[in-house]
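Note sheet for the following structure.
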Amino acid sequence: MKTIMVGIGGIAVSNKPGEILKTMGLGSCVGILAVSVQKKVVGMAHIALSDSNMSLEKAKSLPGYFADTGVPMLLNEMKKLGINGHGDMIIKLAGGANVMDPCDLFCIGKRNVLSIRKYLWQNRLAPRTEDVGGSFCRTVWVEVDTGKVFLSSPGRGEWEI
């Protein structure tokens, strides 16, 4: 199996048998996964912040960094592989934790999750499954062949959503 690593702000899609999309270090960042089991197409974006107005220049060079630019781009990339919206696609979210803000002052993880949900809802999509929040980092990967999404975290093991 070939693993495609998706870095912070990265977006990847695949319909190649045997491939896996994977991202690591989801603390306050959120991994949004788009899966079409029937058509064997998967996509992933590693969202770091909620709003591209923080840095329009960065949004142009790395649109996956922000929820408001990354989610639309992920959905567009899925369309290029023949996925036509909510009937063809399952959305899953992972991350959005509070790992570096013990007083919950900035709520970056919560804001990221809410921004992603808002965009999805505006486009008649909703996450089918989420593993968000808490105070621990996650690694997430999705298999093209099965559409299964797995997570792992130090001290917590591995699980499927």
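Per-structure values
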read-out: Where only C-alpha atoms are counted, convex hull volume of segment 65-133 per residue in Å³; value: 84 Å³
read-out: For the chain, share of DSSP beta bridges that run antiparallel, in % to the nearest 5; value: 75 percent
read-out: Cβ-placed point charges (K, R +1; D, E -1), dipole of the chain about Cα centre in debye, nearest 20; value: 340 debye
read-out: Segment 24-110: equivalent-ellipsoid semi-axes (sqrt of 5 x gyration tensor eigenvalues, Cα, Å); value: 26, 16, 9
read-out: Per-residue Cβ neighbour rank within 10 angstrom, fewest leading, Asp131, Asp51; value: Asp51, Asp131
read-out: Mean Cβ neighbour count within 10 Å, used as a protection proxy, ranking 141-149, 72-80 highest first; value: 141-149, 72-80
read-out: Those lysines that a straight Cα-Cα span of less than 19 Å connects to Lys92, excepting residues fewer than 8 apart in one chain; value: Lys22, Lys39, Lys40, Lys79, Lys110, Lys118, Lys148
read-out: Förster radius 25 Å - calculated FRET efficiency between Lys118 and Lys80 (Cβ-Cβ, nearest 0.05); value: 0.55
read-out: Extension reserve of the Ser61-Trp159 stretch, reckoned as 0.36 nm per residue once the Cα distance is removed; value: 31.9 nm
read-out: Relative contact order (%) - the chain, alpha-carbon pairs under 8 angstrom, separation at least six; value: 28 percent
read-out: Binned Cα-Cα distance frequencies in the chain - 10 Å width, integer %; value: 12, 44, 35, 8, 0
read-out: Simple spin-label estimate for Phe136 and Asn15 in nanometres, 7 Å along Cα-Cβ; value: 3.7 nm
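None of the figures in this text is laboratory data; all of them are computed from the coordinates on show. Just so it is clear, the model here is predicted, and its values are computed rather than measured. Methodologically, a virtual Cβ is constructed for each residue, glycine included, from the backbone with ideal geometry; neighbour enumeration extends over all protein chains shown.
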